[in-house]
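I have placed the structure first, in the form of structure tokens, so that the comments after it can refer back to it.
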């Protein structure tokens, strides 16, 4: 208890020091944190949450969030691989209205489908990915097929070069997000996956957002040394709709801050299967992922991923079977990685994209708030992550 109190005290003091912004200090603290030590004593774990009690001095209290239980039928929830909404646990944080955290509401085994989709299907062309900047379309045509033999025998040959899937950092779905202009564009639209759209619509509806349309998705693929820098998701043209986040694989630390970076963020764990919803006031808050945490069981997977997908699925399920061979590839990938899907509605009803700015205005576009999967310092870390080491 003494070590944990000391760790919490150091976190509080870091946030209170003058000079550098509080968010960045805590980002660096957790990036360098040591799993299994008191460094993580102030991190909220919603999978073991106790509502109404702060776990450390000055902590924001965990509160229960109300769901619209009757708005999603048990049948539709099961079609998406989810438990009945009545069985979900949903939480919020005092001081963060509109933030909802749902610890793993997936039915046992059904995460297998979504992991496989992220690695095998969603990574395929015509969807755009980070590798497209350095490789031809022919070279990135089927990342799964080019990588699966590498990953199947990953443990046998640890000195092999990284497969293309292991070099994957992001994929965009639906309206493509341009990392340079920080804008969405209809010019590079790809059909949004119907199964992911259905899953997202059920979650949004259960959280009280009727009529949510899944129009864009950004998939982030994390290695154990990956980070996601401090940023705000403000590029969508309709901020009244929520941002949905789905996590699979190794756990990570998520930091949720305020409107400005001088506000100290709250740290929380994201485990496999967890869903976060950012809406209302919390929709435009600073947030980041400073740390991916290796499984306590060296080279292992979270317990929730050890249960196989049922052999017999509902006839109208959007979830598809997953072969043992495919799951072996997914397993070897996830032993040192995590995948995150964020789904957004970009446009309001009857809204269109604005006309493109003139060349003169394009030169004035700021990069403030930009974010890449890698390191807060940008290019140097990304080059390291994309190496063959």
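Couple of notes before you dig in:
- Subset tally (residues that are farther than 15 Å from residue 227 by Cβ and either at pLDDT 95 or above or touching a helix residue (DSSP H, G or I) at 6+ places or on another chain (Cβ under 9 Å) (or both)) for the stretch 26-38: 3
- Any chance residue 295 is in a loop (DSSP other than H, G, I, E, B) and surrounded by fewer than 16 Cβ atoms within 10 Å (Cβ to Cβ): no
- Within the stretch 4-25, considering residues that are under 24 Å from residue 99 (Cα atoms) and either in contact with a helix residue (DSSP H, G or I) (Cβ under 7 Å, 6 or more places away or on another chain) or at pLDDT 85 or above (or both), the one surrounded by the most Cβ atoms within 10 Å (Cβ to Cβ): 11
- Those strands (runs of 3 or more DSSP E) of the stretch 147-226 in which at least 3 residues are crowded, with 20+ Cβ neighbours inside 10 Å and either touching a residue at least 60 places away in the same chain (Cβ under 8 Å) or touching a strand residue (DSSP E or B) at 6+ places or on another chain (Cβ under 7 Å) (or both), considering only elements entirely within it, cover 170-174, 216-223.
- Going through (1) in a loop (DSSP other than H, G, I, E, B); (2) in contact with a helix residue (DSSP H, G or I) (Cβ under 8 Å, 6 or more places away or on another chain) one by one, residue 237 falls short only on (2).
- Given (1) assigned to a strand (DSSP E or B); (2) surrounded by fewer than 24 Cβ atoms within 10 Å (Cβ to Cβ), number of the condition residue 244 does not satisfy: (2)
- Selection count, the stretch 78-132, where residues are in contact (Cβ under 8 Å) with a residue 24 or more places away in the chain and assigned to a loop (DSSP other than H, G, I, E, B): 22
- Taking the listed residues 289, 319, the one that is at pLDDT 95 or above, assigned to a loop (DSSP other than H, G, I, E, B) and crowded, with 22+ Cβ neighbours inside 10 Å is 319, with no other qualifying.
- If you filter the stretch 307-316 down to residues that are surrounded by fewer than 13 Cβ atoms within 10 Å (Cβ to Cβ) and in contact (Cβ under 8 Å) with a residue 40 or more places away in the chain, you find that the one that is nearest to residue 151 (Cα to Cα) is 308.
- The stretch 92-133: number of residues that are crowded, with 20+ Cβ neighbours inside 10 Å and under 18 Å from residue 242 (Cβ atoms): 8
- Matching residues, the stretch 322-360, being more than 22 Å from residue 120 (Cα to Cα) and not in a loop (DSSP other than H, G, I, E, B): 359, 360
- Residue in the stretch 272-283 that is out of contact with any helix residue (DSSP H, G or I) (no Cβ under 7 Å at 6 or more places or on another chain) and surrounded by fewer than 18 Cβ atoms within 10 Å (Cβ to Cβ) present: yes
The values are calculated or read from the model by the stated rules, or taken from the named source; none is laboratory data. A quick note: this is a predicted structure, and the numbers were derived from the prediction, not measured. Note: ideal-geometry Cβ built from the backbone for every residue, glycine included; neighbour counts use all protein chains shown.
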